[in-house]
Amino acid sequence: MTDDVLILVDQQKAMDHPKWGPRNNPDAEKNIARLLTEWRSRQMPIVHVKHDSTRPDSPFRPGQEGNDFLPLTAPLPGETVVAKKVHSAFIGTDLPARLEAMGRPPLVICGVLLANSVEATVRNAANLGFSVRLPADACWSCDKRDLRGRLWPAEDVHQLTLALLEGEYAKVTTVGEILRPS
C-alpha cells in the first residue's frame, strides 16, 4: 500500500439526484472516507476525479450544486483534482501523464457508479497496464433496467460488475483488506 495512488471517482452531490433510483451499499461513502483518511495520514497520493458533464440535462453539469464535491470525501487544498467530461478518468484528462510521472504506481479505484464511471476507469487503467485494486465496499450501484425491460436490483448489478472486472481488470477486494497492516 505504500506507493498506491487512491483514485476517487465522481464523489459529487449529483449522486444524490433521484434519477439514479434505488442503490446498494449505503456505507460506501463512509468506506471511501476511511480510505481517504488513511491515505492522508500517510501522505500518500490521492486523485479526486470530478465529472464536469457537458450534457444540458446532467446533474453533474458545472454551475449547479450537483457538480460540487460531497463534503465527506471532498478534496483538501493541495490534493489533485482531475476533471473529466466522459465516463473514464483516463480519457481527455492529464491522469495518464500524472501517473506516468509517478512511475506507474499501483492504483486503488473507488467511487460511483460502479457499472459506469468506475468500471470505465478501471478497464482503461488495466488496458494501460496499471495494477488496480477495487474495494467492492467503497463503490455503489443502482437499479438498472435491461433492454428486455427486466429491472435488475442494485446489488445484482454490483455483484455482476465486480465479477466482470475481477482478475482481468482488477483485484476485487475490501476496504478492510486494503487497510490491514502487512
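The values are calculated or read from the model by the stated rules, or taken from the named source; none is laboratory data. Remember, it's a predicted structure, so these values are computed and weren't measured experimentally. Because the Cβ atoms are built from the backbone with ideal geometry, glycine has one as well, and the counts that use them run over all protein chains shown.
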State which residue is farthest from Asp3 (Cα to Cα) when the search covers only the range 120-136 and only residues that are under 11 Å from the mean Cα position of the chain (by Cα) and of a type in the set (A, V, I, L, M). Ala120
Hits in the range 83-99 (condition: closer than 18 Å to Val122 by Cβ and surrounded by fewer than 16 Cβ atoms within 10 Å (Cβ to Cβ)): Val86, Ile91, Gly92, Arg98
Against the definition (at pLDDT 95 or above and crowded, with 21+ Cβ neighbours inside 10 Å), how does Leu70 come out, yes or no? no
Taking Val5 as the residue in question, decide whether it is of a type in the set (Val, Ile, Thr), buried (at least 19 other Cβ atoms within 10 Å of the Cβ) and in contact with a Lys or Arg (Cβ under 6 Å, 6 or more places away or on another chain). no
List pairs: first residue in the range 55-82 and on the phi < 0 side of the Ramachandran plot and in contact (Cβ under 8 Å) with a residue 24 or more places away in the chain, second residue assigned to a loop (DSSP other than H, G, I, E, B) and hydroxyl-bearing (Ser, Thr, Tyr) anywhere in the structure, Cβ distance under 7 angstrom, at least six positions apart or on different chains. Phe60/Ser53; Val82/Thr93
Can you pull out every residue in the range 136-175 that is within 17 Å of Ile32 (Cα to Cα), in contact with an Asp or Glu (Cβ under 8 Å, 6 or more places away or on another chain) and not hydrophobic (A, V, I, L, M, F, W, C)? Asp137, Ser141, Thr174
What single numbered condition from (1) surrounded by 21 or more Cβ atoms within 10 Å (Cβ to Cβ); (2) farther than 18 Å from Leu8 by Cα; (3) hydroxyl-bearing (Ser, Thr, Tyr) fails to hold for Ser182? (1)
Enumeration of residues in the range 83-119 that are touching a His at 6+ places or on another chain (Cβ under 7 Å) and either in contact (Cβ under 8 Å) with a residue 60 or more places away in the chain or among the polar types (S, T, N, Q) (or both): Asn116, Ser117
Condition set at pLDDT 95 or above and among the acidic types (Asp, Glu), scope the range 27-63, selection nearest to the chain's Cα centre (by Cα): answer is Glu29
Could you please let me know if Lys13 is surrounded by 14 or more Cβ atoms within 10 Å (Cβ to Cβ), touching a strand residue (DSSP E or B) at 6+ places or on another chain (Cβ under 6 Å), modelled with pLDDT of 95 or more and basic (Lys, Arg)? no
Any residue that is among the charged types (D, E, K, R), in a loop (DSSP other than H, G, I, E, B) and free of Cβ contacts under 8 Å to residues at least 60 places away in the same chain - is there at least one of those in the range 122-141? no
